[in-house]
Amino acid sequence: MSEMTPTAAPERAAGLPAQSPPVDPAETAKAEASGRLSWWRGDGGEGAKRNLGLLATLVVLVVIGILTRPDLYGNASWVWGNTLTILKLASVVGVVTVGMTFVIIGGGIDLSVGAIVALAGVWCTTVATQSYGAGGMIFSALTVGLAVGVVNGLLISYGRLVPFIATLAMMVAARGLAAEISDKQTQVSNNQFINGIASTNVLGIPLLVYILAAVVVAGWVLLNRTTFGRRTVAVGGNPEAARLAGINVRRHTLLLYALSGLCCGIAAVMLTAQATSAQAAMANLYELDAIAAAIIGGTLLSGGRGTIIGSLLGVVIFSTITNLFAINGLSTEAQNMVKGGIIVAAVLVQQVQFRSLTQFLGRNRLTTT
Amino acid sequence: MSEMTPTAAPERAAGLPAQSPPVDPAETAKAEASGRLSWWRGDGGEGAKRNLGLLATLVVLVVIGILTRPDLYGNASWVWGNTLTILKLASVVGVVTVGMTFVIIGGGIDLSVGAIVALAGVWCTTVATQSYGAGGMIFSALTVGLAVGVVNGLLISYGRLVPFIATLAMMVAARGLAAEISDKQTQVSNNQFINGIASTNVLGIPLLVYILAAVVVAGWVLLNRTTFGRRTVAVGGNPEAARLAGINVRRHTLLLYALSGLCCGIAAVMLTAQATSAQAAMANLYELDAIAAAIIGGTLLSGGRGTIIGSLLGVVIFSTITNLFAINGLSTEAQNMVKGGIIVAAVLVQQVQFRSLTQFLGRNRLTTT
Amino acid sequence: MVTKAPLVEAPADTVVGEVVLRLTDVVKTFPGVRALDGVQLEVRAGEVHCLLGQNGAGKSTLIKVLSGVHRPDSGEVQWRGEPADFANPQAAMRAGIATIYQELDLVEDLSVAENAFLGHEPRRLGFVRRGHMARRTREILGRLGHPEIPPGRMVRALPAAGKQVVSMARALSHEARLIIMDEPSAVLAHDEVGNLFRIIRELTAQGIAVIYISHRMEEIREIGDRVTVLKDGRTTAANLPARETPTRDLVARMTGRTIEYVFPDRPADDPAGAELLQVEGLTRHGEFADVSLSVRAGEIVGIAGLVGSGRSELLETIYGARRPQAGTVRMAGRALRPGSVGAAVKAGMGMAPEERKSQALLLGEPIYRNVTLATFGRYARLGFTDAGRERAEADRIGDSLELRPRDVRRPVRTLSGGNQQKVVVGRWLLGDTRLLLLDEPTRGVDVGARAELYQVIRSLAAQGVGVLLVSSEVPEVLGLADRVLVMREGRVVREAPAGELDENTVLDLVMAGSLMEGAPA
Amino acid sequence: GCTSNEQTPTAAQTKAAATGGNSEPGKKVTIGFSAPAADHGWIAAITNNAKAQAAAYSDVELKSVEAGADAAAQRAALSTLISQKPDVIVLLPHDGKELNAFGLEAMKAGIPVVNLDRAFPDARAYRLQIKGDNYGMGVAAATYIVAQLKAKGVSNPVIGEIPGIDSLELTQERSKGFADTLAANGLRVANRRPAEFTADSGQQAATGLFQALPKIDALWNHDDDQGIGVLAAVNQANRKEFFMVGGAGSKKAMEDIQADNTVLKATVTYSPSMASSAISLARLIGQNKGMSDLVELQVPKEIVLASETITKENASNYLKLGF
Ligand SMILES: Nc1ncnc2c1ncn2[C@@H]1O[C@H](COP(=O)(O)OP(=O)(O)OP(=O)(O)O)[C@@H](O)[C@H]1O
Ligand SMILES: Nc1ncnc2c1ncn2[C@@H]1O[C@H](COP(=O)(O)OP(=O)(O)OP(=O)(O)O)[C@@H](O)[C@H]1O
Ligand SMILES: [Mg+2]
Ligand SMILES: [Mg+2]
C-alpha cells in the first residue's frame, strides 16, 4: 500500500521539528508502474492525508449532531437545508480564508482582513455608491479591497515592515476610516441585485455557495498548478533561496497581500448581501477565524506549507461547530467551553488518526517486506 | 572603529533575510587586545540600538503632545501626573507582555492571555474567594493563571498542538469558564487591600508602576542572566540545535507557557484592583496588545530573538498614543486612522533611524581604514 | 599558536588502545528506508577512526545513533564494555560522547560562549556564570587557534568558518572520551584543516577516541588510523589501516566499482569564445575591493583563497544578491542593474550558493521542485506549471549526478547532506544558463559523484557555458579551472592559467601574500 | 443619523433650546463627556445626541474623551478629563461597577457626575443617574408577545430570542426580564442565539436559530441595528410563520412596523435620546437650577426611562425619536 505511506509527521509542535519519514522509492516505483497510484498522491500526498483527518473530524461532528438532535436529523430535507446553511455560513469567511492561506504560505500574516471587509462593505453601501447600481457597488468593493491589500503589500515588501505590525496598523486604520465614512451608522443596502446574491438559489444551491466554490477552485488551481503558487511556496518556505533562484520576492509578497485584499472585497459583497447592510463593526474578528481555519487546515504559520482544501475544511468545521451549538441551543458560556475542547480534540484526532495510520501502514509494510 | 561595526541589518522584512555584515577577525583581535570593545557590542548590540529607535519614537509622541496641548504641557505637575497615568495604564498590559515576550522568543504564541486575565480576575472575586481576604484572592489569581498556563504548555509540548490553535482554544474556553463562574455579572471586589493596590502611591509613584518595574526587572534578569533565559533563545531560535545540545525542549516549552500564565495572574490582580471588580469580558484583546507591543519592541514573531526592554517600550508607546488622543479629545474614528499611521510611522522611524545609524557608523569605520 | 597545555583533560581511567565502542548489527530504519542495515564498528581509545561511504550510505545516521538522536531498531551498542542505549542527546553527552554534526547546529542569537556551553552552562543558582563561561570559551578558542573570536559576539555575525569553530568549541567544552566529527572539514579552508588536525592529534594523545567522517581521501590518509567503510547501510570493510590501504580499494568498497579520481581533460584547443562576464572595480567595503575579472564563454575560471577572503561575497555581488558600492558587472557587454538577482538571471547567470540549507533549499518540498526552483517558469505555459516535464528534467539531473534515492518526489529534507548538495548544483544545470557561479559545489559530495560533477561541469563548458568556480580545495580549482584567480583579504593577488600554478604556489600566495610582485595581472 | 443612509444629525432627538425659563443662557458650564467607542448605531447615537444637545446651548462647552477599549482605559481617559477641570461630568461607563471608584473620586473632588445608562452601585458615586430600563425592556417585549399569542390562540408557542453581546450585564438584564415575564405566563424561550449588535452578526445568529427551530411563533431581537440582519435572514430563509419584536427603537424599525410588510410587528424602546436629556440636566446641575416642570429646586437623583412598546398603531408618534 505504498501510496498511503506518509511522507511527513503531523504539525510540528513547538520546538519539535517534524521528522519526515521517507518513502521507499522502490515501492513507489512499483506502485507507479502498476498504475495503482491514487489521484491524490503526487504533489499533495501529505496534505491530502491531513485533510482526511479533517474530514473525519467533520464526520464526528455530524454524528454528534445526529445523536443529540435525532428529531431534526431524521428529516432528510432539513438535513439538506442545514448542510446548505452551514456552507452559506462558511462562505464569507471561506473566501477570506483562501486569501489568508496564500499570505500565510507566503510567510506573512494579514490581521486586517476583517477591517478590509468592513471598509469595502461600508464603501459600497454609501448613498453615493449605491446610486451607481449593483455594478458600481461590486466594482467599488473589489477595488477598495484590492487597494487596501496593495497598501499592505507595499508597507511590507518595500517599507520592510513586519507583516504583523503593518496589517495590525491597517486593521485599526481601516476600521477607523469605515466608521468615518459610515458615520458609525448601519448603512442599509437598497439594491435588490446585491441583496439577491444572498437569497438566490441556483439548482437548489445558494449562489453564495457557488461563489465560495469558485474562489476555492481558483485558489486551488492558483496554488497548485501555476507559477504564482510555486513562487508562493518558495517565498514562504525559504525567502533567501527564492531570491537566489531569481524570484522577485518583494513583488511577489506585494501580490500576495493584494490577493488577500481582493478576496476581502469579494467577501464584503457577500456579507453585505447577507446582512442587506454594512457597518464599520461588521466582520468582527474575521482575521482570527480565517487564521485559525487555515492553521487547523494544516497551513504552517511560519510559511512554506499549506493547502486550500485544508483551509476550506477548517472553515467548514468551525461553522459546523457553530451550527451544532445552535441546534442544541447551548448557552454562550457552555458553548465557548465546549468549543475550546472541540478545537483541541479536532487537532488531536487529526494527529492521532494520522499517526496511527502511519503506524498501521508501517507495520503492514514491514510484514510484507 | 571596529567596535561599532554593525552586526546585523534591521528587522527582516517578509522574505528579505537580514544579511549579516561579516566581522574582520584582525580588527576584532586588535579591539579586544586594547580593550576597546564597547558595551553594546557583544550581547545586546542590535537590540539596544533598536530600543534607541523606540525611545526616539516616544520622544516624538511627547513632542506632538506638547505642540497640540501647550496649555497642559506648560504645567509641570500635570506633566508628571500624566506620565504616571500613562505608566499606570501600561502596567497591566506590560506585565502580560513580559510573559508574552518569553513565549514568543521561545518560538510560540499565547492567544489566551486576555482570557486568562479574565478567568483569574473572575475567580479571585467570587464571593467565596473574597471571604479568604486579600491573601486568598491573590493566591487564587496567581494559581489560576499558572494552572491555565500549564495546561497550555502541556497541550503544546506534550500534546504537540500548534501553539496558535492550542491557545486559541484556551482563549475561547477560559472566557467561557469565566462567564460561567461569574454568571456574566460584574463581580465587585470589596476587599480594600486589593482595591488599594490601584490607588496607593509610594513616594508619589503608584504601586502599580512598582509592580510593573519589578516584573520587568525580573524578566530582564531571567532572560539575560539565567540559563532559563538563554535556553529560551535557543529553543526558539533553533529547536533542533537546542535538542541536540541536550536541552529538554518540551519541558522548557511547558515552563514558558506557565510563566506567561503566571504573568497573567499578576495582571489579573492589578486589573481587578484598578476596576475594583472583575468580569468575564475584561482584558478584552489584551493578546493583541501584548503581541503587538512585543513585536514593535523587536521580538521576532518566529522566535529566537527579542528583548524585555523593547517590549516595555512597545507597551509604553501604545499607552502614550492612547493618552495623546485622550488629551486631544479625538473621535474614535479619527483616532483609529491616526493610530494606524502612527504605528507604521513608529516602526519606520525606528528602521530609518537604525539604518542611518548603521550607515553613519559604517562610513565612519571605512574612513579610518 | 601551538598550545602547551593539554586541550582536554583525559579521563584518568583511559587505556590507550582499549576498545571503547563496539557496534554489532545495528539497524535503523526510517519508514521506507533502511538507513542502517547491520553496521559493525569498533573504536579504540586514542585512535582516529574514519568512516567512509558514499552520500547516503548512512554515516550521519550512524553517528546520530551514537549521540542519542536516533535509537536503533535492533543491534547492540557497547560503550566501554557495557551495553548502552542513549535515549536522548543528553544521555550520550553524559556518557562522554560529544558530537560535531554535519549540519551546523548553532543558535544565531546567542553569543559564541553561550553556544559553546549550550545545555551545560556553568551556573550558580540558575544564573549563568558569565565571566567564568567567557574565560573558558576564550581558552578553548585559543587552543583551537582562534583567539580572535570574541566569546561575547553573536554567532549570527560570524562567517561559516567561524561557526564551524564554535561547533568544535562546543564539542570540546564537554569532558568527552569520544568525539565524533561529521564532515568538519567541509566548510574549512586549507589552513583551518591543518589546525583541526593538530587538535585531533592532541586529543588522541590524551587517549580520546575520534570518529572522523570525510569525503576527502587525503585527509583520511593524513589523520586517520583505521577506516570502516559503509555501503548502503552495511559495513563492507572494517578496521582497514588508513595509511596503507590503496585508494582504489577503498573506493571499490564504497561504491562497488572502481572510479578514477581524476579531473576530466581540458580540451586540446582553447574552446573559450567571446567575453561573457566582465567585472570591473567591484567593491564592497569590508568584504572585497576593486576586483576586476572576466569569464569567456566555455571557460572555467577558478577562484582560490582562504576562508574569509571574500570569495562568496564576490560571487553574490556579481549575481546581484548584494549591492556593490563601486564597480560594474557586464554580461556580454551589457551592464547589469546592480543589486538585482532578477536581472542577473535574465542575463543568463545562475548561482549555486555556499550554504545549502539557508540559501538554497526548500526542505519540505519534493526534490524535483527544488531542482526546478529557478526554471519552473520555463516549463510553464500561460502561467500553468508542467509537473510532468519538471519531474522528467529532475530525473535527468538525478541520473547525471547519481542522486540517491532517485524518487524525485521525496522531500529534500530526507536526503543526506551530499545528495542535498547535488540538488543545489543540479538546479543550474537545467535550462539555458550561460554563466554558472559555483560556490563550493562539491562540499560534502562523495568521490564518485564528485567525478561525475566535474564531468558535467566540463561538458557544460564545452557547450559554451562560462563557469566561475569558488572552492576551498586548491587541487579542485587547479584541476578543473582553465584560469585561476587567487584572492587574499578581499583582493585579487594573482591571476594565471591553471597550468602555470601548482598547489604550493597557490597556498603561499593565499597565506603570505608576499608574492605580490607577480600579481595581479 | 439613523440606520438609513442619512447623514444628518438627529434634530428630533435634541431638545429645542427655546422652551421654558431654563433655556435662558446662564452661567457658562463645561461638561466633560465620556462614552465607549461607538461600535454600533445605538452608542453612536448616544455620542451624537450629546454633542448635538450641547451645541444647542450657547452656555455649554463639551469636552469629550473617548473611553478606549475597556474600563482601565476609560479610567485613564477620565483622569485626563478631570485634569481639565470640567464643571460636570456626563459618563457612560463601560461598566458601572468597574468605574464606581472613579465616580466616588470625582464627587469627592466636587465634580458632579451624571451617570448615563449604566448605573453605579454606590449612591455616593453619582449626582444623577439617567438610564433606560433594561429589565423593563424584556418585560415589555414579553408582555407584547404573550398578548399577541393569546389573541391568536397559539398553544405551546415556540419563542426565540436573539440577544446582543451576551457577556454584557445589560444583555443579561434584558433576557432576565423577558424570561421572567414569559415564565409568569407559563412560557419559556426555546432557543436564544446571541449576536453582537451588528447586522451581519444578527443575520448569522438568526440563521442558526432558524435551523434549530423549524417552526417559530414569536421572536424577540434585542437590538434594531442587528435586526436589519435578522430581517435579512428571515427573507433568505423564507420564514413568515412568526412575528418579531425589536429593541431600542431605530427609525428604520419604526418605519418597517408602520409599513407592516415584514415580520417585525413591534419594538420596545431604549432610546439614545437619554444622552440629550443627560446633557440638559448636567447643564442645569452646573447652573444650580431645577427642572422647571417639577416643584423641586434641584434636578432629581435618578431618572429611569420607561421602555415603551411601539406598534403599528402608535409608530407615528415615536418616529421622531427613532435613531
Ligand atoms: N530523518 C530522516 N528521514 C528519512 N530518511 C532519512 C533521514 N535521515 C537520513 N535518511 C536517509 O537515510 C540514508 C542515510 O543518510 P545519511 O545522512 O546517514 O547519509 P550519509 O552517509 O551521512 O551521507 P552524506 O555523505 O551525504 O552526508 C539516506 O538514504 C537518507 O535519505
Ligand atoms: N574566523 C573568522 N572570524 C571572524 N570573521 C571572519 C572569520 N573568517 C572570515 N571572517 C570574515 O568574513 C568575511 C568573508 O567571509 P567568507 O567566509 O564569506 O569568505 P569566503 O572567501 O567566501 O570564504 P569561504 O567561502 O571559504 O567561506 C571576511 O571579510 C572576514 O572579515
Ligand atoms: Mg552525512
Ligand atoms: Mg565562501
Next on the checklist: Being within 9 Å of another protein chain (Cβ to nearest Cβ) and closer than 14 Å to A:VAL103 by Cβ is the filter here; which residues of the range A:258-273 pass it?
Outcome noted: none
Checklist entry - Which one is surrounded by the most Cβ atoms within 10 Å (Cβ to Cβ) among residues in the range D:168-205 that are in a loop (DSSP other than H, G, I, E, B) and within 17 Å of the chain's Cα centre (by Cα)? => result D:THR198
Item to check | Single residue of C:VAL484, C:VAL423, C:VAL408 found to be surrounded by 22 or more Cβ atoms within 10 Å (Cβ to Cβ), in a loop (DSSP other than H, G, I, E, B) and either away from ligand 4 (no atom under 16 Å from the Cβ) or at pLDDT below 90 (or both) | outcome: C:VAL408
Checklist entry - Is the range C:440-454 home to any residue that is more than 13 Å from ligand 1 (Cβ to nearest atom) and of a type in the set (Lys, Arg)? => result no
Checklist outcome for this item: For the range C:156-178, pairs from a residue that is within 21 Å of C:LEU306 (Cα to Cα) and not assigned by the TED database to the domain that holds C:ARG44 to a residue that is within 16 Å of ligand 3 (Cβ to nearest atom) and among the β-branched types (Val, Ile, Thr), with Cβ under 8 Å and 6 or more apart or across chains, are C:ALA160/C:VAL187; C:ALA161/C:VAL187; C:LYS163/C:VAL187; C:GLN164/C:VAL187; C:SER167/C:ILE100; C:MET168/C:ILE100
Checklist entry - Hey, among B:ALA326, B:ALA293, B:ALA334, which residue is free of Cβ contacts under 8 Å to residues at least 12 places away in the same chain, within 11 Å of chain A (Cβ to nearest Cβ) and assigned to a helix (DSSP H, G or I)? => result B:ALA334
Next on the checklist: Of the conditions (1) more than 30 Å from D:LYS51 (Cβ to Cβ); (2) more than 8 Å from chain B (Cβ to nearest Cβ); (3) surrounded by 23 or more Cβ atoms within 10 Å (Cβ to Cβ); (4) not aromatic (Phe, Trp, Tyr), A:ALA213 satisfies every one except a single condition; which number is it?
Outcome noted: (3)
Checklist entry - Quick check, is C:ARG156 under 23 Å from the mean Cα position of the chain (by Cα) and more than 16 Å from ligand 1 (Cβ to nearest atom)? => result yes
Next on the checklist: Take the conditions on the phi > 0 side of the Ramachandran plot and surrounded by fewer than 24 Cβ atoms within 10 Å (Cβ to Cβ) and apply them to D:ASN261. Does it pass?
Outcome noted: no
Item to check | Unique match (being more than 30 Å from C:GLY448 (Cα to Cα) and either crowded, with 24+ Cβ neighbours inside 10 Å or at pLDDT 90 or above (or both)) among C:LEU106, C:LEU62 | outcome: C:LEU106
Checklist entry - Within the range C:363-379, is there a residue that is surrounded by fewer than 23 Cβ atoms within 10 Å (Cβ to Cβ), away from ligand 1 (no atom under 16 Å from the Cβ), without any contact (Cβ under 8 Å) to a residue 24 or more places away in the chain and assigned to a helix (DSSP H, G or I)? => result yes
Checklist outcome for this item: From the option list C:ARG443, C:ARG413, single residue qualifying as at the interface with another protein chain (Cβ under 9 Å from one of its Cβ atoms) and within 16 Å of ligand 3 (Cβ to nearest atom) is C:ARG413
Checklist entry - Does the range A:152-172 include one or more residues that are touching a residue at least 12 places away in the same chain (Cβ under 8 Å), more than 14 Å from chain B (Cβ to nearest Cβ) and surrounded by 24 or more Cβ atoms within 10 Å (Cβ to Cβ)? => result no
Item to check | Subset of the range C:17-48 that is within 14 Å of another protein chain (Cβ to nearest Cβ) and in a loop (DSSP other than H, G, I, E, B) - its residue that is surrounded by the most Cβ atoms within 10 Å (Cβ to Cβ) | outcome: C:GLY32
Item to check | Pairs with Cβ under 8 Å, 6+ apart, first in the range C:430-452 and more than 14 Å from C:ALA360 (Cβ to Cβ), second within 16 Å of ligand 4 (Cβ to nearest atom) and in a loop (DSSP other than H, G, I, E, B) | outcome: C:THR442/C:SER471; C:THR442/C:GLU473; C:ARG450/C:THR442
Next on the checklist: Scan the range C:231-240 and tell me whether some residue there is farther than 23 Å from C:GLU495 by Cβ, within 16 Å of ligand 3 (Cβ to nearest atom) and not in a strand (DSSP E or B).
Outcome noted: yes
Checklist outcome for this item: Here the residues within the range B:199-242 that are part of a helix (DSSP H, G or I) and at positive phi are none
Next on the checklist: Going through D:ALA71, D:ALA50 one at a time, which residue ends up being facing another protein chain (nearest Cβ under 7 Å) and buried (at least 24 other Cβ atoms within 10 Å of the Cβ)?
Outcome noted: D:ALA71
Next on the checklist: Checking the condition of a type outside the set (S, T, N, Q) and free of Cβ contacts under 8 Å to residues at least 24 places away in the same chain, which residue from D:GLY290, D:GLY322, D:GLY249 passes?
Outcome noted: D:GLY290
Checklist entry - Restricting attention to the range C:287-323, and to residues there that are closer than 23 Å to C:SER340 by Cβ and within 6 Å of ligand 2 (Cβ to nearest atom), which single residue is farthest from the chain's Cα centre (by Cα)? => result C:GLU287
Item to check | Hey, C:ALA169 assigned to a helix (DSSP H, G or I) and surrounded by 22 or more Cβ atoms within 10 Å (Cβ to Cβ) or not | outcome: yes
Item to check | Residue ranges of strands (runs of 3 or more DSSP E) in the range D:206-323 with at least 1 members touching a Lys or Arg at 6+ places or on another chain (Cβ under 8 Å) | outcome: D:243-248, D:264-269, D:302-304, D:309-311
Checklist entry - For B:LEU271, all conditions in the list (1) in a helix (DSSP H, G or I); (2) aliphatic (A, V, I, L, M); (3) within 23 Å of A:LEU111 (Cα to Cα) hold save one; what is the number of the exception? => result (3)
Item to check | Sole residue being closer than 20 Å to D:GLN204 by Cα, of a type in the set (A, V, I, L, M) and touching a Leu at 6+ places or on another chain (Cβ under 9 Å), chosen from A:LEU254, A:LEU212, A:LEU207 | outcome: A:LEU212
Checklist entry - Consider C:LEU437 against the criteria (1) outside any helix (DSSP H, G or I); (2) within 16 Å of ligand 4 (Cβ to nearest atom); (3) surrounded by fewer than 24 Cβ atoms within 10 Å (Cβ to Cβ): it satisfies all of them except one. Which criterion is unmet? => result (3)
Checklist outcome for this item: Picked from the range D:74-94 (must be in contact with a strand residue (DSSP E or B) (Cβ under 9 Å, 6 or more places away or on another chain) and at the interface with another protein chain (Cβ under 7 Å from one of its Cβ atoms)), the residue surrounded by the most Cβ atoms within 10 Å (Cβ to Cβ) is D:THR80
Next on the checklist: Can you list the strands (runs of 3 or more DSSP E) lying wholly within the range C:254-334 that have 1 or more residues being away from ligand 4 (no atom under 13 Å from the Cβ) and touching a Gly at 6+ places or on another chain (Cβ under 7 Å)?
Outcome noted: C:275-284, C:288-296, C:326-331
Next on the checklist: Where the second residue is part of a loop (DSSP other than H, G, I, E, B) and not aliphatic (A, V, I, L, M) and the first is at positive phi and more than 16 Å from ligand 3 (Cβ to nearest atom) and lies in the range C:304-316, which pairs have Cβ atoms under 6 Å and are six or more apart or on separate chains?
Outcome noted: C:GLY308/C:PRO159; C:GLY310/C:GLU287; C:GLY310/C:GLY490
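The values are calculated or read from the model by the stated rules, or taken from the named source; none is laboratory data. Because the structure is predicted, anything quoted here is derived from the model rather than measured. When we count neighbours, we look across all protein chains shown, and the Cβ atoms used for this are built from the backbone with ideal geometry, even at glycine.
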